[in-house]
Amino acid sequence: MYEVRVISVFVQNQPGKLERITKVLAESGVNILGFSITSVKDFGVIKFLVDKTEEAYKALKEAGFTVALNEALGIEMEDRPGGLHKVVKFISEKGVNIENALVYVEESRHKAYFIFEVDDLEEAKNKLES
């Protein structure tokens, strides 16, 4: 298990917003490893796992986006049927509530990573490491 940082971008739910965000990241030399989109009516949150977190955060902020960095946990898992179930079962059995999540699969398809946000990072780490 390891700690990672996820970038959250808060945007109006309009055509072209994702294109603008990905353009800023591309022009900054930031590679997107994974992302998720959640929307509620007129607004949404786009969460990114990237290779250069600080650069991405700075570039998006300078481009006028409302951006936050969120601490998250990552667990390596097998990239096979049932791999995700095994990891979330472990997390559930430890009493940790997953608030947000995404999965990153390596290009080799040998490893995958479950990246998840929790309410209390330290408490979750203690529970999962016990």
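The values are calculated or read from the model by the stated rules, or taken from the named source; none is laboratory data. From a predicted model like this one, the values you see are computed outputs, not experimental measurements. Please note: Cβ atoms are built from the backbone with ideal geometry, for glycine as well, and neighbour counts cover all protein chains shown. The accessibility values were calculated without ligands, DNA or RNA, using every heavy atom of the protein model including side chains. Shrake-Rupley method; radii C 1.70, N 1.55, O 1.52, S 1.80 Å.
On inspection, ILE75 does not qualify as within 23 Å of ILE37 (Cβ to Cβ) and open to solvent by 50 Å² or more (accessible area, probe 1.4 Å).
Would it be correct to say that GLU62 is over 30 Å from GLU129 (Cβ atoms), open to solvent by 20 Å² or more (accessible area, probe 1.4 Å) and either of a type outside the set (A, V, I, L, M, F, W, C) or touching a Pro at 6+ places or on another chain (Cβ under 8 Å) (or both)? So GLU62 passes the test. If you take the residues in the stretch 96-121 that are surrounded by fewer than 14 Cβ atoms within 10 Å (Cβ to Cβ) and modelled with pLDDT of 85 or more, which one is farthest from VAL6 (Cα to Cα)? Ranking the candidates gives ASN97 first. Look through the stretch 1-41, keep the residues that are surrounded by 14 or more Cβ atoms within 10 Å (Cβ to Cβ) and of a type in the set (D, E, K, R), and return whichever of them is farthest from ASN100 (Cα to Cα). For the stretch 1-41, the residue satisfying everything is ARG20.
Out of curiosity, is SER92 of a type in the set (Gly, Ala, Ser) and open to solvent by 70 Å² or more (accessible area, probe 1.4 Å)? Yes. Here GLY44 does not qualify as at positive phi and open to solvent by less than 70 Å² (accessible area, probe 1.4 Å). In the stretch 61-76, the residue that is nearest to GLU106 (Cα to Cα) out of those that are within 16 Å of the chain's Cα centre (by Cα) and among the hydrophobic types (A, V, I, L, M, F, W, C) is ILE75.
Among the residues that make up the stretch 77-98, is at least one of them out of contact with any Phe, Trp or Tyr (no Cβ under 6 Å at 6 or more places or on another chain) and within 12 Å of SER8 (Cα to Cα)? So that I can check it myself, show each step before the final result.
First pass over the stretch 77-98, keeping only residues out of contact with any Phe, Trp or Tyr (no Cβ under 6 Å at 6 or more places or on another chain): 78-86, 88-97.
This time we only want the ones that are within 12 Å of SER8 (Cα to Cα), so: none.
The answer is no; no qualifying residue exists.
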